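Reading through the structure tokens given below for one structure.
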Amino acid sequence: MNKEKIDIIKNSESSPLIIKNYIEPNKIKELLTLYEKLPLTVHNQKQNVKKKRWIKGFSENLENWYFKKLKELIGDFNMDNLLTEDQKEILGLFQESHSPIGLHVDAGFNKSSFIYKQTLIPLTPFGSTVIFKNKYYNGSTNFTLDEDELKKDNLKYGQNKRSKNHLEIFGKKSFDKTFHKKYLSHEKIENLIGLEVECIYEWEIGSILIFDRSHLHASSSQLEGKKIGLTTFTKK
């Protein structure tokens, strides 16, 4: 991505925003009901993660409610939606995780888009998410040192590419060992070199997290049982 485009994206960036008691309990219940009804998209056995796509048209009332709530928080936006195999829009992604998700960035799949904000709504009370100060603008990417993962290049539509290029971008400062042990023990500490923590979002029912899509982030290793969350992605 060229510097001019990155500068435009940066002009709309801001600090992560956490709002407590923002989502009404009845809407949490409706979102969980929607999650149960949606077809399973992916079950990653290695990470023990289930993903379901929020497909447009499944619940128009919820769609209208969510768009209105989001506009109250971030102003004008467009959803950055992938499409299903039969060309229906995907409004968001439900994830049920039984183990932590690794370091990644959700910077989009369309190089012509101006990425904006992403949101996270916890539907279960357990879990936390680590947001880093470090930012990356070259598409949705999983950052890893796993050589088998790095060799993957036959990726399906909507899958993150794999990279370790972040280690060449953010310097060589060692990552804090105490923080690593407490929050990111599922990650190799060598994969976190040069990264600085922006904030830790402790999951709480009724709250919402909004942050720039360029932020590197990862699940915390602090996880009890399973967690379910809804993530959506926007662009300008």
Selected residue [surrounded by 19 or more Cβ atoms within 10 Å (Cβ to Cβ), within 28 Å of LYS20 (Cα to Cα) and touching a helix residue (DSSP H, G or I) at 6+ places or on another chain (Cβ under 9 Å)] from LEU209, LEU192, LEU184: LEU184
Qualifying residue in the range 130-149 (condition: at pLDDT below 95 and of a type in the set (Phe, Trp, Tyr)): no
Restricting to the range 67-116, name every residue that is of a type in the set (Val, Ile, Thr) and modelled with pLDDT of 90 or more. ILE74, ILE101, VAL105, ILE115
Considering only the range 170-179, state which residues are more than 15 Å from LEU216 (Cβ to Cβ) and surrounded by 11 or more Cβ atoms within 10 Å (Cβ to Cβ). SER174, ASP176
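For residues in the range 143-189 being charged (D, E, K, R) and touching a residue at least 24 places away in the same chain (Cβ under 8 Å), which is farthest from GLU85 (Cα to Cα)?
First, pick out the residues of the range 143-189 that are charged (D, E, K, R): 146-149, 151-153, 156, 161-162, 164, 168, 172-173, 176-177, 181-182, 187-188.
Still in the running and touching a residue at least 24 places away in the same chain (Cβ under 8 Å): 164, 182, 187-188.
Details: LYS164: 30, LYS182: 41, GLU187: 33, LYS188: 35 Å.
Among them, the one singled out is LYS182.
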Does the range 141-164 hold any residues that are part of a loop (DSSP other than H, G, I, E, B) and crowded, with 19+ Cβ neighbours inside 10 Å, and which are they? THR144
Does any residue of the range 221-236 turn out to be within 16 Å of GLN118 (Cα to Cα), basic (Lys, Arg) and over 16 Å from the mean Cα position of the chain (by Cα)? yes
Residues of the range 82-99 classified as part of a loop (DSSP other than H, G, I, E, B) and in contact (Cβ under 8 Å) with a residue 24 or more places away in the chain, total: 5
Of the residues ILE115, ILE131, ILE121, which is in contact (Cβ under 8 Å) with a residue 40 or more places away in the chain, of a type in the set (A, V, I, L, M) and touching a Pro at 6+ places or on another chain (Cβ under 7 Å)? ILE131
When you go through (1) touching an Asp or Glu at 6+ places or on another chain (Cβ under 7 Å); (2) of a type in the set (Val, Ile, Thr); (3) assigned to a loop (DSSP other than H, G, I, E, B) one by one for ILE228, which number turns out not to apply? (3)
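Name the single residue, out of those in the range 100-133 being outside any loop (DSSP other than H, G, I, E, B) and of a type in the set (Phe, Trp, Tyr), that is surrounded by the most Cβ atoms within 10 Å (Cβ to Cβ).
Filtering first and then ranking leaves TYR116.
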Would you check which residues across the range 213-226 are of a type in the set (D, E, K, R) and surrounded by fewer than 22 Cβ atoms within 10 Å (Cβ to Cβ) and list them? GLU224, LYS226
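The values are calculated or read from the model by the stated rules, or taken from the named source; none is laboratory data. Source: prediction; values computed, not measured. A quick note on method: Cβ atoms are made from the backbone with ideal geometry, for glycine too, and the neighbour counts reach across all protein chains shown.
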